[in-house]
Amino acid sequence: MRNPIIENDLKFITGSRLPWDQFKGKTVLVTGANGFIPAYMVETLLYLNEKKSYNIKVIALVRNIDKARTRFSAYLGREDLVFVEQDIGYPLKMDTSADIIIHAASQASPKFYGTDPVGTLRPNVIGTANLLDFARSSGAENFLFFSSSEVYGEVAASMMPIPENVYGWVDPVSVRSCYAESKRMGETMCASWHHQYGVPAKIVRPFHTYGPKMQLDDGRVYADFISDILNNKDITLKSDGSASRAFCYLADAVLGFFTVMLKGKNGEAYNIGNTDAETSILDLAESLVKLFPEKGLKIIRQERASNNEYLQSKISRASPAIEKARSLGWEPATGIEEGFMKTIRSFHEFK
């Protein structure tokens with residue numbers, strides 16, 4: 001049985017006016033399928049099968065099949081979901097082709113940038129090359145690459161919100177750049193394979209996305225906040241809280257990704273985020289405390305301990321210009337308070 005909040009999210013996503021019939025009878029390969037965002041895309045495709053009998057075959061490529069079976073426990077035994085265990089950074093061991101490819105395999109958490117920079121960049125570069133070649137040999141009809149807002153680097157405040165054609169500074173010899181630079185290269189590879197071989201690649205750049213099933217130990221501050229709320233702990237703020245981020249609820253973001261897939265232009269990139277939900281880290285913490293007055297929680301300021309493994313971002317503000325995605329008919333609909341309330345309830349009330 002699905003979590004009721006996830007059920008409502010899937011109903012919201014698939015109820016939008018998109019040409020969903022492009023998925024009818026197709027084989028869809030999703031890499032990193034066990035991840036926070038791609039897992040929701042897998043569930044959306046399976047939901048289309050349930051409600052519209054689309055006969056979509058989903059191949060979920062994962063690095064740990066046991067974790068995948070836990071994440072997709074509500075779907076085990078279904079013929080429309082097949083697990084393939086493999087690291088995409090190595091040659092594909094697929095014995096079938098795919099009509100549609102969603103490449104979302106990546107270590108997106110900052111906690112990996114210092115401990116495993118090679119493992120962070122490998123799927124974004126070598127994995128992307130493997131998949132683009134696979135898309136070419138399969139004659140794939142659609143290819144979606146998950147990039148990141150990190151590709152923009154450090155952008156002047158005067159350029160915010162950031163449009164898709166403005167870029168800031170990234171130090172290529174900083175270990176933390178393993179993520180941003182590899183995502184940049186992944187984008188260039190998508191553009192190159194599209195230009196030279198006609199691979200129908202599109203690119204999405206997610207900004208800060210949150211929602212049900214997110215990993216609460218991934219090192220990002222808003223995940224820490226949710227964990228504190230769930231465990232009835234005071235929120236610990238390890239900075240002055242002035243950094244500003246645009247937070248996008250998962251269902252809105254996933255609808256944006258599918259909108260780009262089904263209506264976007266090949267060879268181009270699209271920001272997916274919620275500019276209307278931009279807030280400072282301190283204001284977010286205060287909002288979360290106010291959402292649950294019965295818990296009697298407060299905010300505690302604490303200096304972050306020196307850690308050579310967790311490499312912090314130097315970016316003080318990250319806010320996307322989303323006019324390009326809006327031109328396709330997409331619009332984020334969930335405000336911060338509603339989105340975080342749904343997220344916390346999804347953990348707290350429905351196991």
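The values are calculated or read from the model by the stated rules, or taken from the named source; none is laboratory data. Quantities reported herein were computed from a predicted structural model and do not represent experimental measurements. FYI the Cβ positions are ideal-geometry reconstructions off the backbone, even for glycines, and counts take in every protein chain you see. The area values use the complete protein model at the heavy-atom level, side chains included, leaving out ligands, DNA and RNA. Shrake-Rupley method; radii C 1.70, N 1.55, O 1.52, S 1.80 Å.
Take the Cβ-Cβ distance between residue 242 and residue 167 as r, set R0 to 22 Å, and report the resulting FRET efficiency rounded to the nearest 0.05. Could you put the intermediate results ahead of the total?
Values: r = 24 Å, r/R0 = 1.07.
Result of the calculation: an efficiency of 0.40.
Potential lengthening of the chain between residue 333 and residue 69 amounts to 91.9 nm, from the contour at 0.36 nm per residue minus the alpha-carbon distance.
Sum up the charges of everything whose Cβ sits under 10 Å from the Cβ of residue 98, counting Lys and Arg as +1 and Asp and Glu as -1, but leave residue 98 out.
Every neighbour counted, the sum reads 0.
Taking a ≥ b ≥ c as the square roots of the eigenvalues of the Cα gyration tensor, the stretch 133-185 is classed as oblate, since a/c reaches at least 1.5 and a/b does not exceed b/c. Farthest towards the positive end of the charge dipole of the chain, among the residues 264, 42, 159, is the Cα of 42, using unit charges on the Cβ of Lys, Arg, Asp and Glu. Heavy-atom accessible area of residue 51 with all protein chains present, probe 1.4 Å, nearest 10 Å²? So the heavy atoms of residue 51 present about 120 Å² to solvent.
The stretch 66-97 and the stretch 101-178 have Cα centres separated by 22 Å. Rounded to the nearest 20 debye, the dipole magnitude of the stretch 1-138 is 200 debye, with +1 charges on Lys and Arg beta carbons, -1 on Asp and Glu beta carbons, and the Cα centre as origin. Partner lysines whose Cα lies under 24 Å from the Cα of residue 233, excluding those fewer than 8 positions away in the same chain, are identified as 111, 213, 290, 295, 298, 342, 351.
Only Lys, Arg, Asp and Glu count, each charged at its Cβ (+1, +1, -1, -1), so figure out the dipole size of the stretch 1-75 about its Cα centre, rounded to 20 debye. Provide the component values of the computation, followed by the final result.
Values: 12 positive and 6 negative charges, 28 e Å.
For this selection, approximately 140 debye.
The residue among 102, 82, 68 whose Cα reaches farthest toward the positive pole of the charge dipole of the stretch 64-115, with charges on the beta-carbon of Lys, Arg, Asp and Glu, is 68.
In the stretch 202-310, what percentage of the DSSP-assigned beta bridges are antiparallel, given to the nearest 5? Intermediate values should be presented prior to the final figure.
On the way: 3 of 13 bridges.
Beta bridges within the stretch 202-310, antiparallel portion: roughly 25 percent.
Measuring nothing but protein heavy atoms, the accessible surface of the stretch 167-232 at 1.4 Å probe radius is 51 percent carbon and sulfur.
Full extension from residue 230 to residue 283: what is 0.36 nm times the residue separation minus their Cα-Cα distance, to one decimal in nm?
On the way: separation 53, 0.36 × 53 = 19.08 nm, distance 1.86 nm.
Residue separation times 0.36 nm, minus the Cα-Cα distance, leaves 17.2 nm.
The modelled label-to-label distance between residue 174 and residue 196, using points 7 Å beyond Cα along the C-beta direction, is 3.1 nm. Normalised per residue, the accessible area of the stretch 140-237 is 39 Å², obtained with a 1.4 Å probe and no contribution from ligands, DNA or RNA. Within the accessible area of the stretch 1-67, the carbon and sulfur atoms contribute 45%, probe 1.4 Å, all protein chains present. Here residue 24 and residue 87 are evaluated by their C-beta separation; at R0 = 35 Å the FRET efficiency comes out at 0.65. Solvent-accessible surface of the stretch 1-138, taken per residue with a 1.4 Å probe and all protein chains present: 43 Å².
Dipole of the stretch 158-306 computed with +1 at Lys/Arg Cβ and -1 at Asp/Glu Cβ about the Cα centre; of 250, 168, 226, farthest Cα towards the positive end is 250. By the helix-only formula, in which each DSSP H run with n ≥ 4 contributes -39500 (n - 2.57) and the sum is divided by residues, the chain has a 222 nm mean residue ellipticity of -12000 deg cm²/dmol. Within the accessible surface of the stretch 71-131, defined with a 1.4 Å probe on protein heavy atoms only, the carbon and sulfur portion equals 53 percent.
The Cβ shell under 10 Å around residue 63 holds other residues with a net charge of -1, Lys and Arg each +1, Asp and Glu each -1.
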